[in-house]
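One structure below.
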Amino acid sequence: MSDDLHAAVAAAVLGAEEQHRALLQSIVEVARAIFAAKASSIFLLDEPNDELVFEAVAGEGAATLVGRRFPSSTGVAGWVLVTQQPLVLENVSEDPRFGREAAESTGFVPKALMAVPLLYDERALGVLEVLDRPQQAAFSLKEMELLGLFANEAAIALDLLQRAREARAVLEEQDGQAAALARLAARLAEAEPEQREAAQRLLEALEAFLGASDTPLDDSL
């Protein structure tokens, strides 16, 4: 690969990585606002190191937690990742799955949380959490469906982010990059329409959710 072509591909890969990270940040920020929560976060599973990594954070901990790592089995996030099942806890202190020590180390211990696995092609890529939403009413089916849509969008973004990082790793290794980058670029291109479709579904669900809601949730945005 020529130096000029290498530089062009590197710029494209880095741009794609930043774009997908920005999308993840937007997802946690909107999720936090919609649920009027104190915080929202997305964990990425780092499979080689068997760790969960804070990839995007909104609200409490936003300035310090991105990049922070925990063993993948830690707390509620670890349970959701392994079981691939969503979980809603209205009082975390009553549930043995809650990792209080890990939470205390972040500087923020929630009273309640919602967590959902981020699944793509039957793979668990990470976990989305929403912490301390107002407990004005029991968690509803509509809220669970909305949280699932956020999870779908986040899973797609995580998958694309991982592919961009794989491409960057190939560039850094300088070994067989042309063929590998071609495969990665093709897969990224194939995923883009699905990403747009998922984003559209999320926007439509948000519009319907906000339009149909008569609770104080709307006033808190």
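Here are the numbers for the structure shown:
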| quantity | calculated |
| --- | --- |
| Residues satisfying the stated conditions in the stretch 87-99, i.e. touching a residue at least 12 places away in the same chain (Cβ under 8 Å) and either out of contact with any Gly (no Cβ under 8 Å at 6 or more places or on another chain) or open to solvent by 50 Å² or more (accessible area, probe 1.4 Å) (or both) | Leu87, Val88, Leu89, Glu90, Asn91, Val92, Ser93, Asp95, Arg97 |
| Residue in the stretch 81-96 that is at pLDDT 90 or above and under 13 Å from the mean Cα position of the chain (by Cα) present | yes |
| Which numbered condition Gln177 fails, given (1) at pLDDT 80 or above; (2) open to solvent by less than 40 Å² (accessible area, probe 1.4 Å) | (1) |
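For every residue, the table says whether it meets (1) assigned to a helix (DSSP H, G or I); (2) in contact (Cβ under 8 Å) with a residue 60 or more places away in the chain; (3) open to solvent by 20 Å² or more (accessible area, probe 1.4 Å).
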{"position": "Gln25", "(1), (2), (3)": "yes, no, yes"}
{"position": "Arg32", "(1), (2), (3)": "yes, yes, yes"}
{"position": "Ala37", "(1), (2), (3)": "no, yes, no"}
{"position": "Ser40", "(1), (2), (3)": "no, yes, no"}
{"position": "Glu55", "(1), (2), (3)": "no, yes, no"}
{"position": "Thr64", "(1), (2), (3)": "no, no, yes"}
{"position": "Phe70", "(1), (2), (3)": "no, no, yes"}
{"position": "Trp79", "(1), (2), (3)": "yes, no, yes"}
{"position": "Gln85", "(1), (2), (3)": "no, no, yes"}
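So that you can scan it fast, the table gives a plain yes or no per residue for (1) open to solvent by less than 10 Å² (accessible area, probe 1.4 Å); (2) not aromatic (Phe, Trp, Tyr); (3) not in a strand (DSSP E or B):
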| position | (1), (2), (3) |
| --- | --- |
| Glu104 | no, yes, yes |
| Val109 | no, yes, yes |
| Met114 | yes, yes, no |
| Leu118 | yes, yes, no |
| Leu128 | yes, yes, no |
| Arg133 | no, yes, yes |
| Phe139 | no, no, yes |
| Met144 | no, yes, yes |
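The values are calculated or read from the model by the stated rules, or taken from the named source; none is laboratory data. Just so we're clear, the structure is a prediction, and the values are computed from it rather than from any experiment. FYI the Cβ positions are ideal-geometry reconstructions off the backbone, even for glycines, and counts take in every protein chain you see. Just so you know, the surface numbers come from the protein's heavy atoms only, side chains and all, with ligands and any DNA or RNA stripped out. Shrake-Rupley method; radii C 1.70, N 1.55, O 1.52, S 1.80 Å.
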